[in-house]
């Protein structure tokens, strides 16, 4: 279980760094982080942090792909966690 916590902390820090970095690169007109990479980090567990960061720094908020896609990823992750929890902890 501790390994799971470490992983989630790591992936969420990564989501924060990549989102802020992409915003900074956009301002400086430098090479950007691909949308695929941002969505992958989100799907791997950094979705909530990425969404909150995007809203705070106003990055990618006009892109339907992100403003709809990341909440859908969060919903899918929530459903998966719920189903795993029900499987491992059935109520009798």
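Any read-out appearing in this document is the output of simple, stated calculations on the displayed coordinates, not a laboratory observation. Remember, it's a predicted structure, so these values are computed and weren't measured experimentally. Ideal geometry is used to build each Cβ from the backbone, glycine not excepted, and the neighbour counts take in all protein chains shown.
Rounded to the nearest 0.05, what FRET efficiency do residue 14 and residue 68 have when you use their Cβ-Cβ distance and R0 = 35 Å?
Working from the Cβ atoms, E equals 0.95.
What's the angle, to the nearest 10 degrees (0 to 90), between helix 47-57's Cα axis and the longest principal axis of the chain?
Compared with the principal axis, the helix lies near 30 degrees.
Can you give the angle from 0 to 90° between the axis of helix 64-88 and the longest principal axis of the chain, with both taken from C-alpha atoms, to the nearest 10?
For helix 64-88, the angle is close to 20 degrees.
In the P(r) worked out for the chain, what percent of Cα pairs fall beyond 16 Å?
Tail of P(r) above 16 Å: 58 percent of Cα pairs.
Which residue fluctuates most in the GNM of the chain (Cα springs below 10 Å): 37, 49, 19?
With Cα springs under 10 Å in the chain, the top fluctuation among 37, 49, 19 is at 37.
Could you state the angle between the C-alpha long axis of helix 2-27 and the longest principal axis of the C-alpha atoms of the chain, as a value from 0 to 90 degrees rounded to the nearest 10?
Taking Cα atoms only, the helix is inclined about 20 degrees.
Sorting 29, 59, 24 on the 10 Å Cβ count, fewest up front, what's the list?
By the 10 Å Cβ count, ascending: 29, 24, 59.
If each residue's Cβ is checked for other Cβ atoms within 10 Å, how do 23, 30 rank with the fewest at the top?
Ascending number of Cβ neighbours within 10 Å: 30, 23.
I need 89, 80 ordered by Cβ neighbour count within 10 Å, fewest first.
Ranking 89, 80 by Cβ neighbours within 10 Å, fewest first, gives 89, 80.
What percent do you get for the relative contact order of the chain when only Cα pairs under 8 Å and 6+ apart count?
27 percent
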